[in-house]
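The values are calculated or read from the model by the stated rules, or taken from the named source; none is laboratory data. Keep in mind it's a predicted model, so treat the numbers as computed, not measured. No Cβ is skipped: glycine too gets one built from the backbone with ideal geometry, and neighbour counts run over all protein chains shown. Side chains included, ligands, DNA and RNA excluded: accessible areas come from the protein's heavy atoms. Shrake-Rupley method; radii C 1.70, N 1.55, O 1.52, S 1.80 Å.
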Amino acid sequence: MRATIFFLALTTAAAGELILPSNALERDAPVTVIYRTSPQAAGKATLKILWTDIFGRTVEDRTLALDLTDETEIRFPLDLRRAVAMSNTLQVRFTLDGRNLKGTPDRRDDTATIQFIAKPPTRTWHDYEIMMWQPHTPEQGAQYITRGITGGQYSGRSKNPPDFLLKNNLRWYSENIATDFYAEYHRYRPDRIQHWSWLQAKELYKKDPTSLEPFKRRPSLSDPAWLAAIRQRLIDAARTWSPYRPVFYDLADESGIADLAAFWDFDFSDHSLAEMRPWLKEKYGTLAALNRQWGTRYTTWDAVIPETTNQAFKHTDENYSAWSDHKEWMDVSFSRALKFGADAIRSVDPDAYVAIAGAQMPGWGGYDYARLTQALPALEPYDIGNNIEIIRSLNPSLVFLTTAFEKGPWEQHRIWYELLHGARGNIIWNENDEFSGPRGQEAAAYYNEIRAGLGAQLIASRRLSGPIAIHYSQPSLRAEWLRAHRSEGEAWINRTSATERMDSDFLRLRESYCRLIEDLGLQYNFVSYLQLEAGELARGGYRVLILPRSTALSARESQAIREFVQQGGLLIADGEPGQYDSSLKKLPTPSLQGLRYSTMDALNYHQQRLTGKERPILQQMAALLQGITPEFKVSDSAGIETHTFSNGGVRIVGLLSNPQLRVNELGPPDFKSNQRFEKVRQVTLTLPAPLHTYDLRHSKSLGLQTKLDITLDPYQPALYAFSATPVEPLRVAAPKELERGALATIAISIGDQSPAATHVFHVELKNPEGKLAPHYTTNVVAANGKASYQWPTAVNDAPGAWTLTVKDALTGQARTQQIALR
């Protein structure tokens, strides 16, 4: 049932009807409602108005006395600022005791009812969202809410709204709208395995390895007929769901050019090649230039065909351009297709967040995050290959959230870890409803803590990194992969997404550099090959650049690096950088030859730190970075990550143990344990100056401090806020008494002026029996520490003394006040 059906008047043919201005209403102002009666009415009349919502609240109950003179329409206001639920019902009862123009008595007693949606007021993603993937009963949903859940998942191709979510006023994300296009080679179908289509392509290859048929993606991401159909489907989905303002729209789950992040030679279809050729022409300018680069002799653009992997492996001149450019084109094609989908949805719902779920590690399958982070406003990645670090580096404004599959202390650690790295939410996989039992009970403590303003406060703050850049190079990934597997011949067809994840020194090296820098108490950003060309090193104020096997560099990248070193920047490289250009043509001499840089072998650091053997490499890096020190210094920082956030004149610092993610994939048994990080640590945090200190997790002021002695739990963070000036007292101005049904404005502020740019105030209301009213509980984002909260009391709210509590997430200050409802 489309949303518009909810707005048809449920009346008989002779009765009146209710007309609203829209099929979904914003909550920011009153609207005018029309009651239309037929035939015309004259005489004394009443119109009883009753507005109720899914919570059982009577939002409005009033009666208008009317004196009608041959009228068909009665207009009255409905103040949508009083809405707190999406699902609402408006009913009017019209009574008339009059006469028509013939003088005949006209007595009526008609009722009209209409259901409508009050759109969620949130247009920006400013709080931490926790969504349940599996469907559940409304009764289960009510229990989940007490454990921190804020929403769910629902098929984006459905036409009927999810009553099981609406009954608890839970929002949702619209899932898998175009999986058959974006994830054809890894998608659920009830009658076959997920990667069935990919296996069929492999079977085609085995029958004829010389044919291009196995390498034609079906559907092609460039197929105009498919693109037109997908665009219309996405537009239709946005029209259906935009009234409910989904948390985000999911184009597809576990997308990829082939199966997830598996390597494959897609796409040699006519549609893809026809789109690739203009892209090549833009890249090279002339056919002669392309021929020089590829070492070919094409006479027309229409004849240009890239090389397969088997053809590339046979090169003896180490010019792999005709292969590499095709791989680059497929990354471009995938990102273009995703942007195309996001644009289609936003043509209907301009404020929408559009994402792909189950995003894979950086690498094959279209997962060039330099491009993906510019194509979509949101992502739900699996945390593999440092992709969340890469995402937050390359586009800090991009929203990302992750998925929870596990339970226990390390799952608690993962939630905190990803929050501190910028995650704005979590999707819970709850296949066997473990969340109704111990798993949900243990998660409730940290989910509710994060939801009580702490998550929103971190989201409202800007995560800081040091002046250290790590090069993110998709061309180098291609070069290193080819060099590693060329000698294996056709064995590449047996590689899977999991193989690429667990058999990649390129990925391992990047992981090691991340942990190495973090173990020194420092932070970093990834800088992509595209950003490097565009001058990001100078613009970002970087002092150190790390090249982790940056085997392939463009001429512009090489020039930017040379200028960086000439201006005093420190360059650290692993291997010989710049052996190839960005299209993988071997250069006569490496492009950085003669440039002074430091070398180190950090490949195995991520394993060595698990067994206490990291000290030599750690000391070597510390010596190289001796001029770079953290603003907040942790004693014995190895194994602890320091997260620093800026919020105006306030710094927020989080300390959390830093184990190895996906430790079970690290090979020998010695490296498959995080036991070293399972111990309580005693550390000292030294501040850069005497600072007023606030303990965010224990909600208290610690006064003026120069250092803190901290007992650090292995699975939970310590979180502090620091300010050069004390934060002024929290003020709350609320009425002492109200009539039920009134819209109360509660003013909240931090003194006259706060050093912080943004505070988050957690607001709770408890009824006279002391029971929390979840529908009146919210987090208020307050620019400069000033905001107001509107409490839309209901006509049938319990009379008596209600308790208002406002807590400042940044300082822990809280104020409580009684408000009498009459």
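Data table
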{"read-out": "Contour excess over end-to-end distance, with Cα ends at residue 434 and residue 281 and 0.36 nm allotted per residue", "value": "49.6 nm"}
{"read-out": "By average C-beta atoms within 10 angstrom, highest first, the peptides 169-179, 214-224", "value": "169-179, 214-224"}
{"read-out": "Rounded to whole Hz, the Karplus (6.51, -1.76, 1.60) HN-Hα couplings of the range 118-130, x for glycine and proline", "value": "9, 4, x, x, 6, 9, 10, 8, 10, 9, 7, 9, 10"}
{"read-out": "Relative packing of 61-69, 347-355, which averages over residues the other C-beta atoms within 10 Å, highest first", "value": "347-355, 61-69"}
{"read-out": "The chain - share of DSSP beta bridges that are antiparallel (%, nearest 5)", "value": "75 percent"}
{"read-out": "Distant-in-sequence amide H partners of residue 697 (H built 1.01 Å from N, under 5 Å)", "value": "719"}
{"read-out": "Residue 709-residue 462 FRET efficiency (beta carbon distance; Förster radius 30 Å; 0.05 resolution)", "value": "0.60"}
{"read-out": "Potential extension, residue 788-residue 46 segment - 0.36 nm per residue separation minus Cα distance", "value": "263.5 nm"}
{"read-out": "Per-residue HN-Hα couplings for the range 361-377 [Karplus 6.51, -1.76, 1.60; θ = phi - 60°; Hz; x = Gly/Pro]", "value": "5, x, x, 7, x, x, 8, 9, 5, 4, 9, 4, 5, 9, 8, 10, x"}
{"read-out": "Loop trypsin sites (Lys or Arg not before Pro), the range 69-126 (other Cβ atoms within 10 Å of the site Cβ: 16 or fewer; DSSP)", "value": "102, 123"}
{"read-out": "Two-site label geometry, residue 155 and residue 75: point separation in nm, points 7 Å out along Cα→Cβ", "value": "4.3 nm"}
{"read-out": "Solvent-accessible surface (1.4 angstrom probe) belonging to residue 434, in square angstrom, nearest 10", "value": "80 Å²"}
{"read-out": "Pairwise label distance in nanometres, residue 36 with residue 15, each label 7 Å out on the Cα-Cβ vector", "value": "1.7 nm"}
{"read-out": "The range 255-341, dipole about Cα centre (Lys/Arg Cβ +1, Asp/Glu Cβ -1), debye to the nearest 20", "value": "280 debye"}
{"read-out": "Projected area averaged over orientations for the range 500-615, convex hull of C-alpha atoms, nm²", "value": "8.0 nm²"}
{"read-out": "Kirkwood Rh (inverse of mean 1/r, distinct Cα pairs), the chain, angstrom", "value": "29.7 Å"}
{"read-out": "Net charge contributed by nearby residues that have their C-beta within less than 12 Å of residue 806 (K/R +1, D/E -1)", "value": "+1"}
{"read-out": "Cα centroid of the range 197-219 to Cα centroid of the range 236-293, whole Å", "value": "19 Å"}
{"read-out": "FRET efficiency, residue 229 to residue 499 (Cβ-Cβ, R0 35 Å, nearest 0.05)", "value": "0.55"}
{"read-out": "Protection-proxy order for peptides 679-689, 558-568, each taking the mean of Cβ atoms within 10 Å per residue, highest first", "value": "558-568, 679-689"}
{"read-out": "Kirkwood Rh, angstrom, the range 223-293 [1 / mean 1/r, Cα pairs]", "value": "15.7 Å"}
{"read-out": "Separation of alpha-carbon centers, the range 554-574 and the range 427-454, rounded to whole Å", "value": "47 Å"}
{"read-out": "Linear extension gain, residue 598 paired with residue 484, 0.36 nm per residue minus alpha-carbon span", "value": "38.6 nm"}
{"read-out": "Nonlocal amide H pairs with residue 88, under 5 Å, H built at 1.01 Å", "value": "116, 118"}
{"read-out": "Cleavage-rule hits (trypsin sites (Lys or Arg not before Pro)) in the range 590-663: DSSP loop, at most 10 neighbouring Cβ within 10 angstrom", "value": "596"}
{"read-out": "0 to 90° range, to nearest 10: angle between helix 224-241 axis and the chain longest Cα axis", "value": "40 degrees"}
{"read-out": "Per-residue HN-Hα couplings for the range 328-338 [Karplus 6.51, -1.76, 1.60; θ = phi - 60°; Hz; x = Gly/Pro]", "value": "5, 4, 5, 5, 5, 4, 5, 5, 4, 5, 5"}
{"read-out": "Whether the range 181-313 is rounded, prolate or oblate, judged on the alpha carbon gyration tensor where a/c under 1.5 counts as rounded", "value": "oblate"}
{"read-out": "Distant-in-sequence amide H partners of residue 41 (H built 1.01 Å from N, under 5 Å)", "value": "70, 71, 72"}
{"read-out": "Extreme residue, positive dipole direction of the range 189-249, given options 211, 222, 194 (C-beta unit charges)", "value": "194"}
{"read-out": "Estimated FRET transfer efficiency when R0 is 30 angstrom, pair residue 796-residue 817 (beta carbons, to 0.05)", "value": "0.85"}
{"read-out": "Relative pair counts by distance (%), Cα atoms of the range 671-783, 10 Å bins", "value": "10, 30, 26, 21, 10, 3, 0"}
{"read-out": "For the range 131-189 versus the range 500-515, the gap between their alpha-carbon centres in whole angstrom", "value": "34 Å"}
